[in-house]
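Here the structure comes first, spelled out in C-alpha cells, and everything after it is commentary.
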Amino acid sequence: MAPRLWILIVALAAAGVAPAAAEAWGVAQLMAGFQAVKSSRAHFVERRHLAMLSEPLRSTGTLAYTAPDKLEKVTLSPRPERLAIDGDRVTIDQGPDGIRNSFALSARPEIGAFIESIRGMLAGDRPALERYYTLGLEGAAASWTVRLEPKDPALKQLVSSIRITGAAASIHTVETQESGGDRAELIVMEDPP
Amino acid sequence: MRVTARDVRAIALWLGGVAVAIVVVGRTEFSTDMSAFLPRAPAQGQQILVDQLRNGVVSRLILVALEGAEPATLARLSKALAARLRAAPELAFVGNGEDAGLAADRDFLWRNRYLLSPAVDAAHFSVPELRRALERDLGLLGSSAAPLIKQGLPHDPTGEILVLIERLTGEAGPPTRDGVWLAPTPEADGSRALLVAQTRAAGFDLDGQALALAVIDQALASARPDVPGADAARLLTSGPGVFAVRARAAMKAEVSRLSMLATGLVAGLLLLAYRAPRLLPLAFLPVASGALAGVAAVGLGFGYVHGITLGFGVTLIGEAVDYAIYLFTQTAPGAATAATVPRIWPTLRLGVLTSICGFAAMLFSSFTGFAQLGLFTIAGLVVAAAVMRWILPVVVPRGVAVPPLGRLMPSWPALLGGAARLRVPLAAVALLALGVLAAQHGRLWQEELASLNPVPIAEQRLDQALRRASGAPDVRHLLMVDATDQETALTHTERLAARLAPLIADGTLAGFDAPARYLPSRATQRARQAALPEPAVLRADLDHALAGLPFRAAVFAPFLADVAAARLQALLGRDDLRDTGLGLRLDSLLFERPAPQGGGWVALMPLREVADPARLAQAVAAWREPDVSYLDLKHESDRLLALYRDEALWLALLGAGAIVVLLAVTLRSRRRVWAVVAPLVGAVLVTAALLSLGGRLSIFNLFGLLLVVAVGSNYCLFFERLERLERDDTASGRTVSAVVLANLCTVVGFGVLAVSSIPVLHGIGTTVAIGTFICLIFSASWTPSPGPRAAREG
C-alpha cells in the first residue's frame with residue numbers, strides 16, 4: 001500500500017507542476033520586463049473619435065517616462081499642452097491662453113484612471129493597475145494584448161475598457177473605449193534609447 | 001446674654017431673606033456664554049466684531065484633523081468620518097475635499113449659471129464670441145482636460161460653469177490625496193487628514209457646540225472599526241466653538257477645584273487659629289449668606305447669572321470671611337460677642353463701604369461679566385456685614401478661647417515697632433515703584449485683545465496651522481456696507497467690486513469675497529436675463545458660429561434649451577441656497593442687523609491678502625461712500641481693548657476717588673485719611689510695579705488692584721483705629737491677629753487662583769495675593785507700635 005500511495009502522490013505533484021511550467025510567460029513576466037526599464041521616450045499620435053464631432057481629433061507629441069512614477073505627455077499639435085504626472089500630482093499646462101491646472105491624481109478618477117493605465121504598465125506596477133482594473137492578458141512576449149476592465153462602477157460609467165498592445169517591454173497602442181461611445185487611439189513609437 | 005425681641009426680628013428677617021433668595025436663585029438662569037467677558041461694544045465696527053465672534057460663520061467652524069497613521073488609512077478614515085458627519089443634523093456642512101461635500105453647491109451653480117456668471121452680457125452670445133468659445137472647446141476636447149468638460153459641453157459651450165467653479169475654488173485649498181484633503185504635519189514627515197465642519201448651533205451656544213463636538217467623537221468611534229489600522233489615528237479639533245467649550249470646561253473645573261482648595265486651606269487656617277471646630281461653619285455664615293444674596297441680586301438685575309460670576313464672586317466676597325475673624329478674634333474668651341460689635345462695627349462698616357466704592361466701579365464696566373461681578377460683590381458684602389453685625393452675636397453669644405496668633409510669633413508691639421522702622425524704606429520703595437511704572441510708560445499695558453484669550457498658546461498655534469492648511473477663512477480685513485434692505489446691500493457690493501478691481505490690479509489686495517457672488521442683486525439677475533438672446537436669434541447665431549467646425553449638428557440643442565429656460569426662470573432668492581455650503585457663506589456675509597442695534601442690513605466683503613492696509617484705507621476714504629467702512633478686525637479689536645482699558649482705568653480712579661471722599665466725610669481728619677490712604681497708594685504702586693516687571697499688565701491685573709484697594713482698606717482702617725484707640729497690649733494684639741489672619745486667608749485664597757492657567761483667574765489671583773500682603777506691610781508700617789505712641793499722646 002505504501003509504494004502505491006507514493007506513486008499517487010508523485011503523479012499528483014507532477015500533474016500540478018506540468019501546467020505551471022508551460023505558462024512560463026505571463027502577467028508577472030510582462031511586469032518584470034517593464035520594471036527593468038528605468039526610463040523611456042517616445043513619439044505619439046493620438047486620434048479621438050468623439051460622438052459630438054463629425055471627424056476625429058488628431059494630436060501629436062512626445063511621451064517621457066522616468067521610473068518609478070514620472071510621466072510627461074507633451075502635445076505639440078494642434079494645440080501645445082504639457083501634462084506632467086509626478087507621483088500623485090498632475091499638472092496640465094496649456095500655455096498662456098489655456099487651462100493651467102494642478103490637481104491630485106486620486107482626486108480626479110476620470111483622468112487618474114486613464115493615466116494610471118499607461119503609467120502602471122510602464123512601471124510594471126501590477127498593484128497600481130489592479131487598483132482600478134481587472135487585467136486580462138493574451139498573446140506572447142513578442143506580441144501581447146492587455147485588456148483592462150474598470151472595477152469601480154463609477155469608473156465604468158466613464159470607461160468601458162482599455163486595450164494596450166505591445167511587444168516585450170514596449171507599448172505600441174493604447175485604445176480607450178469610453179462608455180458614451182467615444183474612443184481614443186494612442187499610437188506610441190518608442191525612440192531608440 | 002438674653003435673646004431680645006430685636007434679635008428675634010433680625011433672625012426672622014435673615015431667615016426670610018434666605019428663603020426669598022433661594023426662590024429667586026431657583027428661578028434664575030445660569031449662562032456660560034464666554035462672550036459675557038467680552039465687552040458690549042460701543043462702536044459699530046466693533047459690534048460687527050463681537051457679532052462675528054459670537055455668531056459669524058467663522059465662529060461656527062470646527063477644524064478637524066486626523067493624524068498618526070498611514071496617509072492611505074487617514075484618507076479612508078476621513079471619508080468614513082465625513083460620511084457619518086454629513087448625516088448628523090448638528091452639522092450644517094462638512095468638507096473634507098471629497099466632491100460629496102460640494103455636490104449641492106455645484107448643482108446650484110450649474111442650474112443657475114446664466115444668472116450667476118459675471119461673464120454674461122449682451123456681447124457674450126454674439127457670433128464672434130460664440131465662435132471664440134467653440135474654438136476653445138475644440139482645443140479642450142483634444143487635450144487631457146477633455147474628461148473634465150466633455151459631459152457638460154453640449155449644455156455649456158460658453159464655459160460659464162468653469163468660471164463659477166474656478167471662482168469658488170480659486171482660493172487655494174489644501175492638497176488632496178485619495179480624494180480628500182491631506183496635508184503634511186508641521187513637525188515630522190507625517191500626514192494630517194483635514195476636515196472642516198460647520199455647526200448649526202451658533203458660536204455662542206456652547207451647549208450646541210459641545211454637542212457637535214460629541215457628535216464628531218462618536219462618529220469617529222463608529223468609523224474606526226470600518227477602517228483597518230485606524231486605531232492609531234488621533235483626532236485634533238480646533239475652532240472658536242471648540243475653544244469656548246474647552247475654556248468653559250477648564251473654567252468650571254479650575255474654578256471649582258481651586259475654590260475648593262482655597263476654601264479648604266482657609267478653613268484649615270481658621271481651625272488652626274481658633275482651635276474651635278464649631279466656630280468654623282459660623283465663620284463661613286456671613287460669606288454663605290452673602291453669596292446667596294449676590295446670586296439673587298444678579299439674577300434680579302440681569303435676568304441671568306454667568307457661571308463665572310458665581311464661581312468667581314464667591315472668591316471676591318471671601319473678604320467677608322474676615323468679618324467673622326474680626327469678631328471672633330477680638331472677643332475675649334467668655335466675653336459677650338455682642339459687646340465686641342460696637343467696638344469693631346464702625347471700622348468694619350467703613351471697610352465695607354470702601355469696598356463697595358471699589359466694586360461699584362465694576363458695575364459700570366462694558367463687560368457684562370464684570371458688571372455682574374460688581375453687583376454680586378456689593379450685594380454679597382452688604383449682606384455678609386449685616387449677618388456679622390446682627391446674626392453672629394445672637395448665634396455665638398459668648399466669645400470662645402481664641403488663642404491670639406501672637407502665641408506663635410514675637411509679641412505684636414515689637415513686631416509693629418519693627419514695621420514702623422520700615423516706614424522710610426517702604427516709602428522709598430513706593431517711590432522707586434512709581435519710577436519703574438513711569439519708565440514703562442507706553443509699554444505698561446497689553447495691547448492685544450488676544451491677551452485676554454482664554455485659549456492656551458499651544459491650542460492657538462494648532463488652530464493657526466489647521467486654518468492655514470485647510471484654507472478656512474481667517475477674516476481680518478473687511479469692507480462693511482450698511483443698507484436699508486437686502487437688495488440695496490447687494491447692489492452696493494456689486495458696485496464696490498468694480499471699485500476694488502484697480503486695487504487688485506496694483507497689488508494692494510489679492511481679492512475679495514462678496515455676497516453677490518452667491519446671490520446677485522435682482523437688478524443684476526434681471527440684466528443678465530435680458531442679455532440672454534431670444535431662442536431663434538441664439539440658434540441662428542450659433543449656426544453661424546459653428547460654420548466650418550467639426551461639431552455635429554444639434555450637439556448644442558441642450559445649450560439652446562438651457563438658455564431659453566434661463567430667460568424665463570424665476571429670479572434667485574435666499575431660499576434657493578438653503579442647505580448648501582454657499583448658503584452658509586451667504587448668511588455670514590449678508591444679514592439683518594437686530595433692531596436694538598439700529599436695524600437695517602449689513603453686507604460684508606472679506607478681503608484677501610491685504611498687502612497695504614494704509615493704502616486701502618485711503619482709497620476707501622476717497623470713494624466718499626458714507627455707507628461703506630473698511631475694518632481691520634485685528635486693529636478694531638486692539639482698539640477695543642485700549643478703549644476698554646481706559647474705561648477700566650477711569651472707573652478705578654473714580655472708585656478710588658469715591659473711597660477718599662468717603663473716608664474724608666467719615667473720618668473728618670486729614671491726618672486720619674492720610675493714614676489710611678497713604679499705605680494703600682504705596683501698596684498699589686509697589687504691586688503694579690512688581691507685576692509690570694513680570695510682563696505687561698492686563699485688564700485683569702487692573703481689576704485685581706481694585707480688589708487690593710477694597711480689601712486692603714480694611715487693614716488700614718483697623719490699624720488706624722488701633723493707633724487711636726487700643727491701649728492695652730492684649731486688645732491690640734487681638735486686632736493685629738485679626739488683621740494678620742484675615743490677610744493670610746486672602747493670600748491663601750487668591751494665591752491658589754494664581755496657579756490657574758486661565759488668564760482672568762491667574763491675573764486677579766496673582767495681583768490680590770501679592771497686593772494684599774504688601775498692603776498689610778504698608779499699613780502696619782504706617783502704624784507706630786501703640787504702646788509708645790499711646791504713652792506719648794496720653
Checklist entry - How much length is gained on full extension from B:Val395 to B:His635, taking 0.36 nm per residue of separation minus their Cα-Cα distance? => result 80.6 nm
Next on the checklist: Give me a comma-separated list of calculated 3J(HN,Hα) values for the range B:485-500, in order, Karplus coefficients 6.51, -1.76, 1.60 applied at θ = phi - 60°, integers in Hz, x for any Gly or Pro.
Outcome noted: 9, 4, 4, 4, 4, 5, 4, 5, 5, 5, 5, 5, 4, 5, 5, 6
Checklist entry - Efficiency by 1/(1 + (r/R0)^6): what FRET value for B:Ile22 and B:Leu643, r their Cβ-Cβ distance, R0 = 30 Å, to the nearest 0.05? => result 0.15
Checklist entry - What is the distance, in nm, between label points placed 7 Å from the Cα along the Cα-to-Cβ direction at A:Val74 and at A:Asp93? => result 1.1 nm
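I need the shape label for the range A:26-190. Rule: rounded when a/c is under 1.5, else prolate if a/b > b/c, else oblate, with a, b, c from the alpha carbon gyration tensor.
In terms of gyration-tensor shape, rounded.
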Item to check | Low-density loop cleavage sites - trypsin sites (Lys or Arg not before Pro) in the range B:249-281, where at most 16 other Cβ are within 10 Å (DSSP) | outcome: B:Arg275, B:Arg278
Item to check | B:Leu91 long-range amide H proximity, modeled H, under 5 Å | outcome: B:Arg200
Item to check | Built amide H within the under 5 Å cut-off of B:Gly239, gap 5+ | outcome: B:Leu63
Checklist entry - Among the trypsin sites (Lys or Arg not before Pro) within the range B:647-728, which fall in a DSSP loop and have no more than 11 other Cβ atoms within 10 Å of their own Cβ? => result B:Arg668
Next on the checklist: If amide hydrogens are placed 1.01 Å from N in the peptide plane, which non-local residues have theirs closer than 5 Å to the one on B:Trp181?
Outcome noted: B:Gly97, B:Glu98, B:Leu194
Checklist entry - Can you run phi through the Karplus equation (6.51, -1.76, 1.60; θ = phi - 60°) for the range B:576-582 and list ³J(HN,Hα) in whole Hz, with x for Gly and Pro? => result 5, 9, 4, 6, 10, x, 5
Checklist entry - Rounded to the nearest 0.05, what FRET efficiency is calculated for B:Arg671 and B:Leu300 with R0 set to 35 Å and r the Cβ-Cβ distance? => result 0.25
Checklist entry - What distance in nm separates the simple spin-label points at B:Ala335 and A:Thr145, each placed 7 Å from Cα in the Cβ direction? => result 11.7 nm
Next on the checklist: Taking R0 as 35 Å, what FRET efficiency do you get between A:Val45 and B:Ala565 from their Cβ-Cβ distance, rounded to the nearest 0.05?
Outcome noted: 0.25
Checklist entry - Classify the range B:558-707: rounded, prolate or oblate, from the alpha-carbon gyration tensor (a ≥ b ≥ c, eigenvalue square roots; a/c under 1.5 rounded; otherwise prolate if a/b is larger than b/c)? => result prolate
Checklist entry - Along the Cα-to-C-beta direction of B:Gln618, a point sits 7 Å from the Cα; which residues of the range B:483-511 have their amide N less than 20 Å from that point? => result B:499-511
Checklist entry - What full-extension length gain, to one decimal in nm, is calculated for A:Gln35 and A:Ala154 as 0.36 nm per residue of separation minus the Cα-Cα distance? => result 39.9 nm
Item to check | Hz values of 3J(HN,Hα) by residue in the range B:239-248 - Karplus curve (6.51, -1.76, 1.60), Gly and Pro given as x | outcome: x, x, x, 4, 4, 4, 5, 5, 4, 5
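Here, each number is a calculation from the coordinates, and none is a lab measurement. From a predicted model like this one, the values you see are computed outputs, not experimental measurements. So basically every Cβ, Gly included, is an ideal-geometry build from the backbone, and we count neighbours across all protein chains shown.
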